[in-house]
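What follows is a set of notes on a single structure, which appears directly below.
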Amino acid sequence: MYEIIEHNNKILAIIISDEYYKEGIQFFTPDDFSQQLAYMHHKKGKIIQPHVHNPVIREVTYTLEVLFIKRGRLRVDFYDDHQKYLKSTEIKSGDAILLARGGHGFEVLEDIEMFEVKQGPYAGDADKTRFEGIVFEAVQI
């Protein structure tokens, strides 16, 4: 299973659950994204033909990033382009998320190990605008 999170008809994020399963190849991103995300499931013996990638000039306007959660749990908070809070969701071990537009923040809910993949090179402070996010109150049990 996967979920597309949208706001004003723009994709903010695509979350692919660890439970997702489909034979073959499934692309989740539209063709106009500067980063593509696909799931592949092939049977033993499948041959993927050797290849090299040709030089292709691509224009990157926004940094897209993909997180692969190896272990743990993470709350993802979504914001619009004007830093207005929209919603939160939780991702866990085995899940992947592509963050495409808007703002986002995180809270580690359980010790986490994850991989991040995004376009480079990293531009330091010019790469992002930080802002104060929503604060969740601790739940009393």
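The values are calculated or read from the model by the stated rules, or taken from the named source; none is laboratory data. Quick caveat, the model's predicted, so the values are computed rather than measured. Neighbour counts run over all protein chains shown; Cβ positions are idealised from the backbone, glycine included. What goes into the accessible areas is simple: the full protein's heavy atoms, side chains included, and nothing from ligands, DNA or RNA. Shrake-Rupley method; radii C 1.70, N 1.55, O 1.52, S 1.80 Å.
Data overview
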| read-out | value |
| --- | --- |
| Residue match in the range 3-15 (condition: open to solvent by 30 Å² or more (accessible area, probe 1.4 Å), in contact with a strand residue (DSSP E or B) (Cβ under 7 Å, 6 or more places away or on another chain), polar (S, T, N, Q) and without any contact (Cβ under 8 Å) to a residue 40 or more places away in the chain) | no |
| Unique match (being at pLDDT 95 or above, closer than 22 Å to Glu6 by Cβ, part of a strand (DSSP E or B) and charged (D, E, K, R)) among Glu90, Glu113 | Glu90 |
| Residues (more than 17 Å from the chain's Cα centre (by Cα) and open to solvent by less than 100 Å² (accessible area, probe 1.4 Å)) located in the range 26-74 | His41, His42, Gly45, Val56 |
| Those residues of the range 110-126 which are open to solvent by less than 70 Å² (accessible area, probe 1.4 Å) and over 17 Å from Thr63 (Cα atoms), in sequence order | Ile112 |
